[in-house]
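Trainee: Before anything else, here's the structure in question.
The values are calculated or read from the model by the stated rules, or taken from the named source; none is laboratory data. Just so it is clear, the model here is predicted, and its values are computed rather than measured. Cβ sites come from the backbone with ideal geometry, for glycine too, and all protein chains shown count toward neighbours. SASA here: full protein model, heavy atoms, side chains in, ligands and nucleic acids out. Shrake-Rupley method; radii C 1.70, N 1.55, O 1.52, S 1.80 Å.
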Amino acid sequence: MIEVKNIHKTYLMGQVEVKALNDVSLKITSGEFVAIMGASGSGKSTLMHVLGLLDRPDAGAYYLGGRDITKTSDVELAALRNRVVGFVFQQFHLLPRMTALENAELPLVYAGKRHLRERAYQEIENVGLKDRMSHRPNEMSGGQQQRVAIARSLVNEPFIILADEPTGNLDSKSKDEIIAILKSLNQKGKTIVIVTHEKEVAIHARRIIQMRDGRIISDESKDDRPKAEELVSLEDEAVNEILSRPRKSAGETKFIDYLRQAVSTMFSHKMRSLLSILGILIGVAAVIAMLALGSGAKEAIEKQLASLGSNLLLVRPGSAKVQGIAMEAGAVTRFTFNDVAAIEKLNDLVARAYPSVSGRGQLVYGNKNWNTQIEGDGTAYPQMRAAEPTVGRFFTDQEVKMRDKVVVIGLTVARELFGDTDPLGETIKINLNNFRVIGILPEKGANAFHDQDDLVVIPVTTAMYRVFGKQYIDSVFVEARGPDLLDAAQESIAKIIIKQHHLSKDEEDSFQIRNMADIKKTLEATTKTMSLLLGSIAAISLIVGGIGIMNIMLVSVTERTREIGLRKAIGATNKDIMVQFLIESVLMSFIGGVSGILLGSGAAALITLFAGWAARVSLSSVVLSTTFSLIVGMVFGLWPAKKASQLDPIEAVRYE
Ligand code: ADP
Ligand code: MG
């Protein structure tokens, strides 16, 4: 059934070469019950691992059922381990978080035969543990655990059972039970190889092999093998069949198993999983909330612009091309009331216009202070900006002419300065001048970047001469008679300004006329930049969360080295292990992602409710952050998973 010829295995311990196997040849035929004996360190386990396809010899040949499998691939070896060999270890190597039944089922998972679960049930019953079926390893005695391990080794109906000191960790009563089980298995025709250093165990075998220093020094058989017809023998064809036919597609059952594993791993390390999920959760929540603020701001701007009407033109000094540094460019047209009057005279194109200046200022009412935007505007302001006061009135042309100290205040200012008292008729100080409050502007709303109700409006003349000490107008707002007249109006206004100010050709860009589309573009670009900035800061926190997951997964791989070894020993391929760990990390980041979306949306709702900022959670941001968190789980889980999959089964099983 199994034959090894002249195999060598040498380990390097520092500078010293240890010949664990030194030219060993051995043939095991069907139905044998072999005991391998020898002192500790004589190479027994190494031989077992080679026989069990857990390890490859450095030199020599291996024949299984007559076929040379010395050079088979890792994937094929995994299939053979799964179907041909049943391994029983001294330390049992049951998976701690699974019940006895689930442990016994495990090889079926890798064989893609999950539907044959009754077999596991049957095997557990056969080893006399029917009533311990749903117990976990830590609820069972050593003997019981080893019996579960035997049930597991049998569940895929292997051709040979390899047991490495199966009784080494057991009391004498359990020892006897295990031997009785192995003996009866052999009587039923199973081939069994057992490593032991105990005489009383070895006497039950039909053949005893002695090893010393990596060599076989004696090999004695009592010739009382079971009758030929009872033998379960392994033929060349059987090996060929296992190797040629790829394992039945077991993707789905494996996936369910991995998912269950991932969930139970998470639950058995609650705090740890929670913390790493929290990292992703915070990251995703931040992304969602930031993007919500961004799109809320965009929406608010659009609403504001819509209320302005699309016929608005804005005339300002300075070049449109070198915005911001235009003042240094030399020629700057300064506007006066004459310009406004001239623009207003373009009756057939212009409906109305108003001059505007603005700046910041300190408001004082009683013991309350508030710093806000101060706008000096003309009387066309309320119609053109859809800002007819809800309470009180706007100032009149007469008041503008007289430079009266009257003020119309925005809602935020009203709330901050007056609280519950009625502001109408009250006197406030603006930059140390006393102003009478005559009206309150309608609510315009706020977003994360700008509160449109945080302003006061005073007559433009008062603002220029009494508050800011300005000689010129900052800008002129013009309303064209219709959207189709915008271009014509823009052209005529430009002509008038050039004429009024006697501008030469190269001075023509010393002022600019912008329409709503331009203004909208600028505003949108600004909010976009802001949201992008906030979004990327949030995304960085998501990456930090991913690193947290990677950290936990690396710990988990180290901690579960034995589990990985065991899984490989019963037939898991590298890919199986890799997928299992990937699923775990993706599951964690997915849970973090989903709860992050909920938290982020909640935060956005709260921001809208309490801060009054518009925040809108968009579907695209939900999709984006879910995808992103899944990718984070993948990317940061990949390395630990790869590390896990590349563990050597022997190293892993021997790991303490
Ligand atoms: P036994 O099972 O008979 O006690 P082993 O087969 O476990 O012996 O080990 C045989 C020899 O090989 C021992 O000297 C041991 O120290 C050495 N050995 C086994 N595994 C390794 C390894 N991974 N690295 C270095 N030396 C090893
Ligand atoms: Mg050993």
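Trainee: Can you work out which of the residues in the stretch 334-349 that are of a type outside the set (D, E, K, R) and surrounded by 14 or more Cβ atoms within 10 Å (Cβ to Cβ) is farthest from I498 (Cα to Cα)?
Mentor: L349
Trainee: Also, I was wondering about something else. Of everything in the stretch 41-54, what is surrounded by 21 or more Cβ atoms within 10 Å (Cβ to Cβ) and within 16 Å of ligand 2 (Cβ to nearest atom)? Give them in sequence order.
Mentor: The answer is S42, G43, K44, S45, T46, L47, M48, H49, V50, L51, G52, L54.
Trainee: Another question, then. So is L523 modelled with pLDDT under 90 and within 30 Å of W613 (Cα to Cα) or not?
Mentor: Criteria met by L523.
Trainee: Is it the case that some residue within the stretch 467-474 is among the hydroxyl-bearing types (S, T, Y) and part of a helix (DSSP H, G or I)?
Mentor: no
Trainee: Test I216 against the criterion of being part of a strand (DSSP E or B) and touching a helix residue (DSSP H, G or I) at 6+ places or on another chain (Cβ under 9 Å), and give yes or no.
Mentor: Criteria met by I216.
Trainee: On to the next question. For the stretch 609-656: of the residues being within 16 Å of ligand 2 (Cβ to nearest atom) and acidic (D, E), which is most open to solvent (accessible area, probe 1.4 Å)?
Mentor: The extreme case among them is E656.
Trainee: Right, next: A20 is checked against (1) within 16 Å of ligand 2 (Cβ to nearest atom); (2) under 22 Å from F159 (Cα atoms); (3) surrounded by 22 or more Cβ atoms within 10 Å (Cβ to Cβ) and fails just one. What number does that condition carry?
Mentor: The single condition A20 does not satisfy is (2).
Trainee: Could you tell me which numbered condition K495 fails, if it satisfies all but one of (1) open to solvent by less than 50 Å² (accessible area, probe 1.4 Å); (2) assigned to a helix (DSSP H, G or I); (3) within 17 Å of F335 (Cα to Cα)?
Mentor: Against the list (1) open to solvent by less than 50 Å² (accessible area, probe 1.4 Å); (2) assigned to a helix (DSSP H, G or I); (3) within 17 Å of F335 (Cα to Cα), K495 comes up short only on (1).
Trainee: When the stretch 534-544 is examined, which residues are found to be surrounded by fewer than 21 Cβ atoms within 10 Å (Cβ to Cβ) and closer than 14 Å to M634 by Cβ?
Mentor: I543
Trainee: Can you tell which of G38, G65 is within 13 Å of ligand 2 (Cβ to nearest atom), open to solvent by less than 60 Å² (accessible area, probe 1.4 Å) and either at positive phi or among the acidic types (D, E) (or both)?
Mentor: On inspection, the qualifying residue turns out to be G38.
Trainee: OK, next. For R152, indicate whether it is open to solvent by less than 10 Å² (accessible area, probe 1.4 Å) and of a type in the set (K, R).
Mentor: In short, yes.
Trainee: Which condition breaks for I547 when tested against (1) without any contact (Cβ under 8 Å) to a residue 60 or more places away in the chain; (2) open to solvent by 30 Å² or more (accessible area, probe 1.4 Å); (3) not acidic (D, E)?
Mentor: Condition (1) is where I547 drops out.
Trainee: Just to be sure, is E507 touching a strand residue (DSSP E or B) at 6+ places or on another chain (Cβ under 9 Å), charged (D, E, K, R) and either open to solvent by 50 Å² or more (accessible area, probe 1.4 Å) or not in a helix (DSSP H, G or I) (or both)?
Mentor: no
Trainee: Looking at the structure I just gave you, is T412 within 30 Å of L532 (Cβ to Cβ) and at pLDDT 90 or above?
Mentor: The answer is yes for T412.
Trainee: Inspect all residues belonging to the stretch 569-582 and state whether any of them is assigned by TED's automatic domain parsing to the domain that holds L281, in contact (Cβ under 8 Å) with a residue 24 or more places away in the chain, crowded, with 24+ Cβ neighbours inside 10 Å and among the charged types (D, E, K, R).
Mentor: The answer is no, given that none of the residues of the stretch 569-582 is assigned by TED's automatic domain parsing to the domain that holds L281, in contact (Cβ under 8 Å) with a residue 24 or more places away in the chain, crowded, with 24+ Cβ neighbours inside 10 Å and among the charged types (D, E, K, R).
Trainee: Please go through the stretch 508-555 and pick out each residue that is in contact with a Phe, Trp or Tyr (Cβ under 8 Å, 6 or more places away or on another chain) and of a type in the set (S, T, Y).
Mentor: Residues satisfying the conditions are T526, T527.
Trainee: If you don't mind, another one. Which of the strands (runs of 3 or more DSSP E) contained wholly in the stretch 17-89 include at least 2 residues that are within 9 Å of ligand 1 (Cβ to nearest atom)?
Mentor: 33-38
Trainee: May I pose another question? Does the stretch 406-449 hold any residues that are part of a strand (DSSP E or B), hydrophobic (A, V, I, L, M, F, W, C) and out of contact with any Leu (no Cβ under 8 Å at 6 or more places or on another chain), and which are they?
Mentor: Of everything in the stretch 406-449, those that are part of a strand (DSSP E or B), hydrophobic (A, V, I, L, M, F, W, C) and out of contact with any Leu (no Cβ under 8 Å at 6 or more places or on another chain) turn out to be V406, V407, F435, A446.
Trainee: Given the conditions (1) polar (S, T, N, Q); (2) more than 27 Å from P137 (Cα to Cα); (3) in contact with an Asp or Glu (Cβ under 6 Å, 6 or more places away or on another chain), and given that T70 satisfies all but one, which numbered condition is not satisfied?
Mentor: (3)
Trainee: Turning to a different aspect of this structure: S595 - would you say it is at pLDDT 85 or above and buried (at least 21 other Cβ atoms within 10 Å of the Cβ)?
Mentor: So S595 fails the test.
Trainee: On to the next question. Out of the residues in the stretch 186-198 that are away from ligand 1 (no atom under 16 Å from the Cβ) and open to solvent by 10 Å² or more (accessible area, probe 1.4 Å), state the one that is nearest to I36 (Cα to Cα).
Mentor: K190
Trainee: Still on this structure, I have one more. Condition first: of a type outside the set (D, E, K, R), farther than 18 Å from D213 by Cβ and away from ligand 1 (no atom under 11 Å from the Cβ). Now tell me which residues in the stretch 4-16 satisfy that.
Mentor: Correct list: Q15 only.
Trainee: Being surrounded by fewer than 17 Cβ atoms within 10 Å (Cβ to Cβ) and part of a loop (DSSP other than H, G, I, E, B) is the filter here; which residues of the stretch 475-487 pass it?
Mentor: G482
Trainee: Oh, and also: Being open to solvent by 10 Å² or more (accessible area, probe 1.4 Å) and touching a Lys or Arg at 6+ places or on another chain (Cβ under 8 Å) is the filter here; which residues of the stretch 1-10 pass it?
Mentor: E3, H8, K9, T10 - these are the residues of the stretch 1-10 that are open to solvent by 10 Å² or more (accessible area, probe 1.4 Å) and touching a Lys or Arg at 6+ places or on another chain (Cβ under 8 Å).
Trainee: Can you name every residue in the stretch 631-656 that is free of Cβ contacts under 8 Å to residues at least 24 places away in the same chain and aliphatic (A, V, I, L, M)?
Mentor: Within the stretch 631-656, I631 is the sole residue that qualifies.
Trainee: Assess whether D404 counts as being in contact with a strand residue (DSSP E or B) (Cβ under 9 Å, 6 or more places away or on another chain) and free of Cβ contacts under 8 Å to residues at least 12 places away in the same chain.
Mentor: no
Trainee: I would also like to ask the following. Here's a check for you: in the stretch 203-216, which residue that is touching a residue at least 24 places away in the same chain (Cβ under 8 Å) and more than 15 Å from ligand 2 (Cβ to nearest atom) is surrounded by the fewest Cβ atoms within 10 Å (Cβ to Cβ)?
Mentor: My answer is R215.
Trainee: Tally the residues that are over 39 Å from the mean Cα position of the chain (by Cα) and small (G, A, S), restricting the search to the stretch 132-150.
Mentor: Result for the stretch 132-150: 3.
Trainee: Could you check how many residues of the stretch 219-268 are loosely packed, with under 12 Cβ neighbours inside 10 Å, modelled with pLDDT of 65 or more and assigned to a loop (DSSP other than H, G, I, E, B)?
Mentor: So the count comes out to 2.
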